[in-house]
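Shown next, in structure tokens, is the structure this report addresses.
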Ligand code: FUB
């Protein structure tokens, strides 16, 4: 929520009962408006790449021209990696960047995006957090691509690229009509298509194509059209390109959404999850919510026959997969919940910024072990005098185990704390005596 609107939102949220549930895990990453998640599971982390709704005016359309990436290794604390791709800087021909999907192949990361609803591009990076750059200097798929046309009122967007177990890559895309789903093979280079796109008919199809495989079956999920509630339905097949039969409802229209819906389905640590967006943050702030969406996540369960049980949208339905190790450096922009802060690119990656007195961040499930911790260390920058980080356990008003008075130095700073053992939610509560941003918070660890 970059800009003055954030302050308005926070003021309003402070008066709204829902915001007490900022202690729950819905929305995730509440300091940004994010939408259309595309997931990548890589090296023990889940990465979500999202349309950047902070770029949309409150009213006036979808103007997104960049993607933000967040990631988690425990499904409760999410690290903000900031903007990883923007147009036209990283793809000079494109004007918009909507609804990405990302895959890894041979150590390279390929990001597929819609230039609005008019064509599809690809960008490549050496790391999951970018920077992603267009290698083609042009579109990957357009209405000229064989097999895309003829189509009525086709939205040429929402590309989802899936790499099958045998290494063959498929890209699913399209929108706005039951006959507008397309799938095309990609060559091994991942930046060119192999042959023509083929089509399959999808009941009530609107947008948000997604493919995942479970127990050898291919699940194609998608948003249904407004007449059918913009819920997420799915089809199943034994083949990634054909033979799909209608499976039913995967998830209902999310609460507090009432508008477009967009899912990413992925397996992590033996469970299946769906990331999606709704509009709770803007709604509760009293802001017109259409173009200001926020992220949510829930678990998907299967029946024995492989069909999917209709997902239940929850505010806290996903369990923490592992605890946080506080004895290793943790990036400050890894949070479970927050109040008042923003993030920005800093000298050493991302940091927490725009910190005012009373703002806080929460890190969930921090395991201090049996031996415990005796001191707290932090790296900060741009400190104004009399700024402090107070450390509290299990609640923002919970037991205080110490407070670090900050000096204006980029060197690591530390303070002795009350010995702390076991597993706790840790709140860093920020204090200072000046108006405006007190300092930038880069990283922390305990000893
Ligand atoms: O965010 C813009 C568009 O809204 C996406 O491309 C669609 O899937 C819908 O979520």
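Of the strands (runs of 3 or more DSSP E) lying entirely inside the stretch 327-410, those containing at least 3 residues that are surrounded by fewer than 17 Cβ atoms within 10 Å (Cβ to Cβ) span 373-381, 400-405. All conditions but one from (1) away from the ligand (no atom under 16 Å from the Cβ); (2) part of a loop (DSSP other than H, G, I, E, B) apply to residue 104; the one that does not is (2). The one condition from (1) part of a loop (DSSP other than H, G, I, E, B); (2) within 16 Å of the ligand (Cβ to nearest atom) that residue 113 does not meet is (1). Screening residue 282 on (1) within 16 Å of the ligand (Cβ to nearest atom); (2) farther than 23 Å from residue 352 by Cβ; (3) at pLDDT below 95 shows it passes everything except condition (2).
Which is away from the ligand (no atom under 13 Å from the Cβ) and in contact (Cβ under 8 Å) with a residue 12 or more places away in the chain, of 276, 246? Matching residue, one of 276, 246: 246.
Within the stretch 55-94, the residues that satisfy the criterion of being out of contact with any helix residue (DSSP H, G or I) (no Cβ under 9 Å at 6 or more places or on another chain) and within 13 Å of the ligand (Cβ to nearest atom) are 55, 56, 61, 67.
Scanning the stretch 116-127 for residues that are in a loop (DSSP other than H, G, I, E, B) and either in contact (Cβ under 8 Å) with a residue 60 or more places away in the chain or within 16 Å of the ligand (Cβ to nearest atom) (or both) returns 116, 117, 118, 119. Residues in the stretch 48-79 that are more than 18 Å from residue 332 (Cα to Cα) and not in a loop (DSSP other than H, G, I, E, B): 48, 49, 50, 51, 52, 53, 54, 55, 66, 67. Residue selection: residue 297 satisfies the criterion of being closer than 30 Å to residue 367 by Cβ, more than 15 Å from the ligand (Cβ to nearest atom) and at pLDDT 95 or above. At least 3 residues being within 16 Å of the ligand (Cβ to nearest atom) and buried (at least 18 other Cβ atoms within 10 Å of the Cβ) is the threshold, and among the strands (runs of 3 or more DSSP E) wholly inside the stretch 128-218 those reaching it are 169-173, 205-214.
The values are calculated or read from the model by the stated rules, or taken from the named source; none is laboratory data. Quick caveat, the model's predicted, so the values are computed rather than measured. Cβ sites come from the backbone with ideal geometry, for glycine too, and all protein chains shown count toward neighbours.
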